[in-house]
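Notes follow once the structure below has been shown.
The values are calculated or read from the model by the stated rules, or taken from the named source; none is laboratory data. Values in this document were obtained by computation on a predicted structure and should not be read as measured data. Counting neighbours? That spans all protein chains shown, and the Cβs are built from the backbone with ideal geometry, glycine included. Accessible surface areas use protein heavy atoms only, side chains included; no ligands, DNA or RNA. Shrake-Rupley method; radii C 1.70, N 1.55, O 1.52, S 1.80 Å.
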Amino acid sequence: ESSDVSPLVMPGQTIGVLGGGQLGRMIILEGRRLGYRFVVLDPAIDSPAGQVADEQIVGAYDSPVAMARLMEKSDLVVYEFENIDPDMVRMIETIKPLPQGSNLLRWTRHRGQERKVLQDAQIPTAPYQVVTSKTELLEAIEELQLPCVLKVLTGGYDGKGQWVLRTSGDPFPPVDIIEKGILVEKFIPYVKEISVIVARGISGEVEVYPPVMNIHRDQILHMTISPAPIKEGIRTRAEQIAYHLASQLRFVGVLAIEMFVLADGTILVNELAPRPHNSGHITMDTTTPCQFEQFVRAVTGLPLRKSIRKNTGIMVNLLGEHQEAFFEQLAKLPSCAKVHWYGKSVAKEGRKMGHINFVRDSLQDLLELINELP
Ligand code: ADP
Ligand code: MG
C-alpha cells in the first residue's frame, strides 16, 4: 500500500527534536538510518539524544531564544516527551511543520482531559473523579470507596505523583498538591497489565502493534513480554481499542495505550502516551519496523510499514541501581540478549539507564533463560 501524500521532509533534511531523553535517542538512531539529520533541544548538555544527533542546542523548553534557534535549524519539529507547554507547540506549528500537532499533547499531559477524551471515544476506564480540595477528595473517596489511587493531573510519571489509599488512615497528598488538582480513581485489582502501540500516518493509515504484557516494580516498568500471553479474544479487543482510538483522535505519530485486564476479561484503559513508549522497546528486536522507525515514517509523511512480529521477546529495564551489576555481567550475557544503553552520565535510583531485549523463538525458552540469569 502506498500513501497518497508526498513526504514532508526528504533524507538529508533536518528534524528538530524537543527533548533529549532516550526516546529521542532511539528515534534519532532509526531516523539517521533513513538519512535524516537531527538537532535536539534539551536543557542538559550531553543528553542521550544529543549524543547521537548532528547537533544539540542546550536550552530550556520555555526559552523563546532556544526555540527560535531550534526552528531556524529544523525543516520539521517533533516532541519526544509530554511535559512541554502545548501553547509553545502551537506556536511552533504556525512556523514549521509539527505533524504530531498540539492536540494529542494537550489531551495526554493532563489526566483529567485524557479521561474526557477516553470517555468521548466510549473507552472504559476505572471509575474516577477530579478534585481540587480536601473536601472534594473526601467526598470522592466516600463515593468511590477505598482502596483508591490518587494521581497528580500533570507531570507524573513512573508512579511519581501517586498515592495509594488502602485504609482511611493512609496519608493524603499535601494540600497544595491537592489544590493543583488530583485524579482520584478506584484501585483496580487487575490480573494483567498490557499495552498497545499504535501508529497513524499523515494520510490517516493506522498500524497496530501486537499487545504486550507489562510487569511493574514499584510502579516503574520492569519487564515487557511480547506477545502478551492473553486469550485471543482479549488480544483482539485490545487491538480494536487501539485502532478505534487512533481513528478517533486523528493524531500523527505513535500513541501508546496502557490497559488493565480484569479477571472477567474486561479491559480498562489506564493511560495514554503521545509518543513511542517504554513498553514498545521490545519492538526493536521482535517486530519490523520497530516503533521508532514507524514514528519517523509517520511524522515525515512516509507510508507506514506493516508491523510484523518476527519472534518472541522479553524486555528488561536497567535502572540506576542496576548499573553496577549490569556492567559486571555485560561480557557474560547470552547471545540472544540485545543491549540498548542510553548514555546517561549519572545513574540515579529509579532512573532508566538502558534495557535488554531477550529474543527467542518461544516464550518457554525465554522464561527458562530469564530464570537462569543472575
Ligand atoms: P504513570 O505511568 O504516569 O506513573 P500510571 O497511571 O500508568 O501512571 O500508573 C503507574 C502504575 O501504577 C500502573 O502501571 C499500575 O501498575 C499502577 N496503577 C495505576 N493506577 C492504578 C489503579 N487504578 N489500580 C491499580 N493499579 C494502578
Ligand atoms: Mg503508566
Picking from Val130, Val65, the residue that is of a type in the set (A, V, I, L, M), open to solvent by 30 Å² or more (accessible area, probe 1.4 Å) and within 16 Å of ligand 1 (Cβ to nearest atom) would be Val130
Residue within segment 172-187 that is surrounded by fewer than 20 Cβ atoms within 10 Å (Cβ to Cβ), within 28 Å of Gln100 (Cα to Cα) and more than 16 Å from ligand 2 (Cβ to nearest atom) present = yes
Checked segment 191-218 for anything farther than 16 Å from Met259 by Cβ and not in a strand (DSSP E or B); matches are Gly201, Ile202, Ser203, Gly204, Glu205, Asp218
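Yes/no per residue for (1) more than 18 Å from Lys231 (Cα to Cα); (2) out of contact with any Ser or Thr (no Cβ under 6 Å at 6 or more places or on another chain):
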{"residue": "Leu262", "(1), (2)": "no, yes"}
{"residue": "Ile267", "(1), (2)": "no, yes"}
{"residue": "Gly280", "(1), (2)": "yes, yes"}
{"residue": "Thr283", "(1), (2)": "yes, yes"}
{"residue": "Thr287", "(1), (2)": "yes, no"}
Flagged pairs (Cβ under 7 angstrom, 6 or more apart or on separate chains; first in segment 236-248, closer than 13 Å to Tyr209 by Cα; second of a type outside the set (S, T, N, Q) and open to solvent by 10 Å² or more (accessible area, probe 1.4 Å)) are Glu239/Val208; Ile241/Ile123; Ala242/Val208; Tyr243/Val206; Tyr243/Val208; Ala246/Arg200; Ala246/Val206
Checked pairs for segment 105-123, first free of Cβ contacts under 8 Å to residues at least 12 places away in the same chain, second not in a helix (DSSP H, G or I), C-beta under 9 Å and 6 or more apart or across chains, list as Gln113/Leu153; Gln119/Thr125
Taking first residues from segment 263-282 that are closer than 18 Å to Gln240 by Cα and among the hydroxyl-bearing types (Ser, Thr, Tyr) and second residues anywhere that are within 14 Å of ligand 2 (Cβ to nearest atom) and not in a loop (DSSP other than H, G, I, E, B), the pairs with Cβ under 6 Å that are 6 or more apart or on different chains are none
The residue that is surrounded by the most Cβ atoms within 10 Å (Cβ to Cβ), considering only those in segment 32-59 that are among the small types (Gly, Ala, Ser) and in a loop (DSSP other than H, G, I, E, B), is Ala53
Counting only residues in segment 147-168 that are open to solvent by 50 Å² or more (accessible area, probe 1.4 Å), away from ligand 2 (no atom under 15 Å from the Cβ) and in a loop (DSSP other than H, G, I, E, B), the one modelled with the lowest pLDDT is identified as Ser168
For Thr125, the lone unmet condition from (1) open to solvent by 50 Å² or more (accessible area, probe 1.4 Å); (2) of a type in the set (Val, Ile, Thr); (3) in a loop (DSSP other than H, G, I, E, B) is (1)
Looking across segment 148-201 at residues that are within 16 Å of ligand 1 (Cβ to nearest atom) and among the acidic types (Asp, Glu), the single one that is nearest to Val296 (Cα to Cα) is Asp158
His222 passes all but one of the listed conditions (1) open to solvent by 50 Å² or more (accessible area, probe 1.4 Å); (2) touching a residue at least 60 places away in the same chain (Cβ under 8 Å); (3) within 16 Å of ligand 1 (Cβ to nearest atom); the exception is number (1)
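Quick one: in segment 101-115, of everything that is outside any helix (DSSP H, G or I) and closer than 16 Å to Tyr157 by Cα, which residue is nearest to ligand 1 (Cβ to nearest atom)?
Ranking the qualifying residues of segment 101-115, first place goes to Arg109.
Go over the candidates Ile257, Ile194 one by one and state the one that is over 23 Å from Gly112 (Cβ atoms) and within 16 Å of ligand 2 (Cβ to nearest atom).
Ile194
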Has segment 292-309 got any residue that is in contact with a Leu (Cβ under 9 Å, 6 or more places away or on another chain), within 16 Å of ligand 2 (Cβ to nearest atom) and among the hydrophobic types (A, V, I, L, M, F, W, C)? no
Flagged in segment 229-280 as more than 21 Å from Gly101 (Cβ to Cβ), away from ligand 1 (no atom under 16 Å from the Cβ) and open to solvent by less than 20 Å² (accessible area, probe 1.4 Å), in numbering order, are Gly265
The condition of being open to solvent by 30 Å² or more (accessible area, probe 1.4 Å) and either touching a Lys or Arg at 6+ places or on another chain (Cβ under 8 Å) or modelled with pLDDT of 95 or more (or both) holds, among Glu114, Glu93, Glu139, only for Glu139
Within segment 305-324, the count of residues that are open to solvent by less than 80 Å² (accessible area, probe 1.4 Å), modelled with pLDDT of 95 or more and not hydroxyl-bearing (Ser, Thr, Tyr) comes to 10
